[in-house]
Amino acid sequence: MSTSSPFGRSRPSNAPREDPATEKGDTRPVGCVPTLLTFLTCGALAPFTFAYVGLRHRHKGALIGAVCAFPVFLYIGLGDETTVLWKSIAGCYIVVTLIASFLLYGALANEGAPKTPASEDDTGNERWSDGTAPESPVDASVRERNERAMRRVAAGVRLRAEARRLLEEDPRAARELGVGRPDLDTGYDDGGLVDLNRAPIEAIADLPGMTHEQALALDRARSAAPFLSLHDALIRADLPPHLEDEIHDHVVF
């Protein structure tokens, strides 16, 4: 039996639960509260709170602050409070420790905040909060290339359908626009249609699954009489029946 965390990870329910105070980045209450004590005591406990946070959370800035604050703390505690020097040092000490505590509190609070939208699963792989892996640049490139290919195929299907409809409704205009004649540069895009009765052998050979020898066979057969349909063309040219499925969407008559 397992339980789910907010980041999509599963953890066995019988696994020992870690102390939240010892988890990396968890600074509440053992991190932020000591820094608040510095505010409440006007910096009097700064050397001790800084040292505690620095050792507990391995925070270099807190350790440096503790080392710098401790000698001043001793001077204030043992010095003559009636002198101007003592009053100046004490005033600066309070201001500096309060500012340092404020900065330390902000740093610890940021470390303790949950990091979203991504985290790492138990295998070290980064995961989004819904449990899916973020898309890598390679995956994004492949997806974009596939989408472009799909759009190109869809556009070809649409153009061929429009050209067929034009050929049925206005054959004369279709002939003038070069529908089915890729060898003619008319500027009209018919989606790659090939007229088996009029297109040159090279255009027929470029059809899917078609070889140059098969294109020559079609050329010899159409020289006797125009083809009436694709089925008629394959029979008269003695071509394999499977070609009908491969080229039927690309040919006209």
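Tell me whether the range 76-99 contains one or more residues that are open to solvent by less than 40 Å² (accessible area, probe 1.4 Å), touching a residue at least 40 places away in the same chain (Cβ under 8 Å) and not hydrophobic (A, V, I, L, M, F, W, C). Checked against the condition, which is being open to solvent by less than 40 Å² (accessible area, probe 1.4 Å), touching a residue at least 40 places away in the same chain (Cβ under 8 Å) and not hydrophobic (A, V, I, L, M, F, W, C), the range 76-99 yields at least one hit. Give the residues of the range 186-205 that are in a loop (DSSP other than H, G, I, E, B), of a type in the set (D, E, K, R) and under 18 Å from G156 (Cα atoms), sorted by residue number. Listed by number, the residues that qualify are D189, D190.
Out of all the residues in the range 138-156, is one or more outside any loop (DSSP other than H, G, I, E, B) and touching a Gly at 6+ places or on another chain (Cβ under 8 Å)? Looking through the range 138-156, at least one residue is outside any loop (DSSP other than H, G, I, E, B) and touching a Gly at 6+ places or on another chain (Cβ under 8 Å).
Here the range 226-253 is the region considered, the condition is being open to solvent by 90 Å² or more (accessible area, probe 1.4 Å) and among the charged types (D, E, K, R), and the residue that is nearest to G191 (Cα to Cα) is D245. Annotation for the range 202-212: at least one member residue is open to solvent by 50 Å² or more (accessible area, probe 1.4 Å), β-branched (V, I, T) and within 17 Å of E246 (Cβ to Cβ).
Once the range 45-61 is narrowed to residues that are closer than 11 Å to T97 by Cα and in contact (Cβ under 8 Å) with a residue 12 or more places away in the chain, the residue that is surrounded by the most Cβ atoms within 10 Å (Cβ to Cβ) is A46.
The values are calculated or read from the model by the stated rules, or taken from the named source; none is laboratory data. Please read these numbers as outputs of a predicted model, since none were measured by experiment. Glycine gets a Cβ as well: all are built from the backbone with ideal geometry, and neighbour counts include every protein chain shown. Heads up: the accessible areas ignore ligands, DNA and RNA and are worked out on the full protein's heavy atoms, side chains in. Shrake-Rupley method; radii C 1.70, N 1.55, O 1.52, S 1.80 Å.
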